[in-house]
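The values are calculated or read from the model by the stated rules, or taken from the named source; none is laboratory data. Small disclaimer: the values here were computed from a predicted structure and weren't measured. When we count neighbours, we look across all protein chains shown, and the Cβ atoms used for this are built from the backbone with ideal geometry, even at glycine.
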Amino acid sequence: MNLKKRIFSCTLIIFAIGMLYIQALNHVTAFGKENKNSQASFTIVLKDRNNNDLINYVNQPRTKFLSTKEFSRKYGQSTATINKIKRYLNKHHLKSQVYPGNLVIKVTGSRNNIETAFHFKIIKEKINKTYVTKPNKTPKMANILDAKINGIIGLSNYDRLSSDSKSGSFGVKRAPSDFIKRYHLQDTMNNKSKKVANIGIISFGGFSKNDIKTFWQKMGIKNSLNRIHVYTDTNKDNQKLSDETTMDIQQASSIANNANINVYLAQPTISGMINSFANAIGSNKSDSISLSWGISEAEIKQMINNKILPDNYNDIINEILLQGASQGISIFNSTGDNGAYDGIQSGITKLTVETPASSPYITAVGATTAPIMYKVNGHVVNVDKERVWSNDFLYPYFNSLKLYNADQSTFLESYFVGSGGGFSKFNATPDYQKNIPGVNSYRAIQHWDMSYGVANQLATPKVVTGTSTGRNLPDIVANGDPQTGYSVYYNGKWLIDGGTSIVAPQIAAVNAVYVSKLNHRLGLWNPRIYSAAQSSHSPFDQLYGDNATNIYYSTQNNKIYNQATGLGTVNYDKLFNLIK
């Protein structure tokens, strides 16, 4: 018999898109304004050309890659098409900025002119007692140029992203040097560098240079603030301090301590993320790009169904990431901090993974818990070996404290915390994952019955096995549990932070170290690492443990892959020797 535990009713907030998204309505974006003469902006994403050839190109390990101009000529839209679109926009008194690569165009003008040019009206629609602004129909140019457009992003005030970071309570203080030691990067770092690498960080809030400087001094790192370069849009809100941005810069710059850091800031929206990707990839200044933000595929699906996002959202993401990979940029994205239930904070109780981490053209990084001993309400908790990050092993302590009777926020932050992973419903299983033992099969431990849209905790968790299809997440993992996390100096104070978001800049820094030693870029990691995992000298340590889950998926003994820890943790010196 199921032991029912108190949880929110999904019907109360189903379709709410989450509290973080409701906050977006108090943070009005361009199309939230009533004045038709007010200036607004949005983004057009064009279709690429020769898509199959482009996919084959990025999936082949190589040492030389396309320049942005070469990408434009081979895969971006033609100059003739770009000029036609610019003339059309100009005719309607709209300004345009074409990002290098000929895939993304940022458009600015009055709301009235935008509505006229694209044949729609902005309307308000009430969703779960909240007003959302969005187009009344699919925007179109109403001519042959529509066939060149994949989708238009940024015409709603309801597309907010969330950060994948968590703060620790009992935490052990760790420095970036602990990452270097635990995952064996020392030998590679000691080799003579051939070039200065560049790391791009996409984020949505500002940082204090004094915080960065103080962190470096404490960690014994000699570096210059002149290595940090900021690229931002004109919106003042992204100048507010962000612990996420601060943490990403500190971790990346301390592991790759000779690298330049390029920080791309925008509003925390999907359109802001796409513009930052277009800017970072179009400028082609960064060898690595790290993103520690995302949103569940299930929430994206709801937005598509409600015409907040275009039907081709997933194609839009993949196209931009393909451009980056073709130019040799290695891109890393966190997988979320709610385990296999990535949409739970928004009332979605089914299994789902996070996007853009679910794209096959990005390396999806999850988190583990490093060995630790601490106390919870007088009870000793001992993790004697590294395991997937999840609070599932703490459930007995939470139950004894009756946290299932706590408010919704406390309940979710206690029970539904862990490394994201599972199967994408947007993307098919990529070739590099096919035939890897463990991919598209799973072993899980079911803690929750979600049959009726609410979560009921089972009195006795049960083992579930089966098969599925789609892009499997994550690819690799490293320590990210906030309780075993890393020191961060933010806003004049020392904190302990973690989450899958702390892993993304760390591994982007590893890539920068590789690039500086090899004197060439590596592009998409995934074909290389899945090949390396099958080697007799595999650099991966799989984290076995029958009761370790990401709140659902567990490890699969004697399999190379599982949806809790991916290929596992990495010995980066070994990996370097395999790919150099």
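For residue 286, the conditions (1) part of a helix (DSSP H, G or I); (2) within 30 Å of residue 66 (Cβ to Cβ); (3) hydroxyl-bearing (Ser, Thr, Tyr) all hold with the exception of (1). When region 331-378 is filtered for residues that are among the aliphatic types (A, V, I, L, M), surrounded by fewer than 24 Cβ atoms within 10 Å (Cβ to Cβ) and within 16 Å of residue 414 (Cα to Cα), only 376 remains. Looking across region 86-116, just one residue is aliphatic (A, V, I, L, M) and farther than 26 Å from residue 72 by Cα, and that is 114.
Selection of region 561-580 for residues being farther than 22 Å from residue 352 by Cα and either at pLDDT below 95 or not hydroxyl-bearing (Ser, Thr, Tyr) (or both) yields 570, 571, 573, 574, 575, 576, 577, 578, 579, 580.
Matching residues to (1) at pLDDT 95 or above; (2) more than 17 Å from residue 344 (Cα to Cα); (3) hydroxyl-bearing (Ser, Thr, Tyr):
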position: 429; (1), (2), (3): yes, yes, yes
position: 446; (1), (2), (3): yes, no, no
position: 453; (1), (2), (3): no, no, no
position: 470; (1), (2), (3): yes, yes, no
position: 474; (1), (2), (3): yes, yes, no
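Residue 444 meets each of the listed conditions (1) in a strand (DSSP E or B); (2) out of contact with any Phe, Trp or Tyr (no Cβ under 6 Å at 6 or more places or on another chain); (3) closer than 17 Å to residue 554 by Cα apart from (2). Comparison of 426, 411 shows that the only residue that is of a type in the set (Phe, Trp, Tyr) and under 23 Å from the mean Cα position of the chain (by Cα) is 426. Cβ-Cβ contacts under 8 Å between residues 6 or more apart (or on different chains), taken from a first residue in region 481-493 that is touching a residue at least 24 places away in the same chain (Cβ under 8 Å) and closer than 12 Å to residue 207 by Cβ to a second residue that is outside any strand (DSSP E or B) and among the charged types (D, E, K, R), are listed as 488/243; 489/211; 489/218; 490/211; 490/243; 491/211; 491/243.
Is region 403-415 home to any residue that is small (Gly, Ala, Ser), modelled with pLDDT of 90 or more and on the phi > 0 side of the Ramachandran plot? Checked against the condition, which is being small (Gly, Ala, Ser), modelled with pLDDT of 90 or more and on the phi > 0 side of the Ramachandran plot, region 403-415 yields no hits at all.
Okay, residues lined up against (1) more than 30 Å from residue 382 (Cβ to Cβ); (2) in contact (Cβ under 8 Å) with a residue 12 or more places away in the chain; (3) surrounded by fewer than 23 Cβ atoms within 10 Å (Cβ to Cβ):
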position: 476; (1), (2), (3): no, yes, no
position: 514; (1), (2), (3): yes, yes, no
position: 532; (1), (2), (3): yes, yes, yes
position: 548; (1), (2), (3): no, yes, no
position: 564; (1), (2), (3): no, yes, no
position: 570; (1), (2), (3): no, yes, no
position: 573; (1), (2), (3): no, yes, yes
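The residues listed here are 143, 102, 112; of these, the one that is polar (S, T, N, Q), touching a residue at least 40 places away in the same chain (Cβ under 8 Å) and surrounded by 20 or more Cβ atoms within 10 Å (Cβ to Cβ) is 102.
Conditions tested, residue by residue: (1) among the aromatic types (Phe, Trp, Tyr); (2) touching a Lys or Arg at 6+ places or on another chain (Cβ under 8 Å); (3) outside the structural domain of residue 540 (by TED's automatic domain parsing).
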site	(1), (2), (3)
357	no, no, no
369	no, yes, no
376	no, no, no
383	no, no, no
386	no, no, no
396	no, no, no
400	no, no, no
404	yes, yes, no
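Within region 50-75, being among the small types (Gly, Ala, Ser) and in contact (Cβ under 8 Å) with a residue 40 or more places away in the chain holds for one residue alone: 67. The single condition among (1) in contact with a Pro (Cβ under 6 Å, 6 or more places away or on another chain); (2) under 27 Å from residue 244 (Cα atoms) that residue 560 does not meet is (2). Residue pairs whose Cβ atoms lie under 6 Å apart, sitting 6 or more positions apart in sequence or on different chains, and linking a residue in region 121-136 that is within 18 Å of residue 304 (Cβ to Cβ) and outside the structural domain of residue 307 (by TED's automatic domain parsing) to a partner that is of a type outside the set (A, V, I, L, M, F, W, C) and at pLDDT below 80, are 132/158; 133/32; 133/157. Look at residue 59 and say whether it is more than 18 Å from residue 107 (Cβ to Cβ) and crowded, with 17+ Cβ neighbours inside 10 Å. Yes. With respect to residue 392, is the statement that it is in the same structural domain as residue 514 (by TED's automatic domain parsing), modelled with pLDDT under 95, among the charged types (D, E, K, R) and under 21 Å from residue 459 (Cα atoms) true? So residue 392 passes the test.
Filter region 18-68 for residues that are part of a helix (DSSP H, G or I) and modelled with pLDDT under 55 and give the result.
Here is the first cut: in region 18-68, the ones part of a helix (DSSP H, G or I) are 19-24, 30-32, 51-58, 68.
Result: 19, 20, 21, 22, 23, 24, 30, 32.
Filtering region 242-261 to residues that are more than 23 Å from residue 188 (Cα to Cα) and either surrounded by fewer than 24 Cβ atoms within 10 Å (Cβ to Cβ) or touching a Gly at 6+ places or on another chain (Cβ under 8 Å) (or both) leaves 242, 243, 244, 245. Identify the residue in region 301-327 that is of a type in the set (Val, Ile, Thr) and modelled with pLDDT under 95 and, among all such residues, is farthest from residue 51 (Cα to Cα). Across region 301-327, the extreme among qualifying residues is 308. Would you mind stating whether residue 325 is in the same structural domain as residue 554 (by TED's automatic domain parsing), aliphatic (A, V, I, L, M) and within 25 Å of residue 57 (Cα to Cα)? For residue 325, the condition - in the same structural domain as residue 554 (by TED's automatic domain parsing), aliphatic (A, V, I, L, M) and within 25 Å of residue 57 (Cα to Cα) - is met.
Can you pull out every residue in region 294-307 that is of a type outside the set (Val, Ile, Thr) and surrounded by fewer than 24 Cβ atoms within 10 Å (Cβ to Cβ)? Result: 298, 301, 302, 303, 305, 306, 307.
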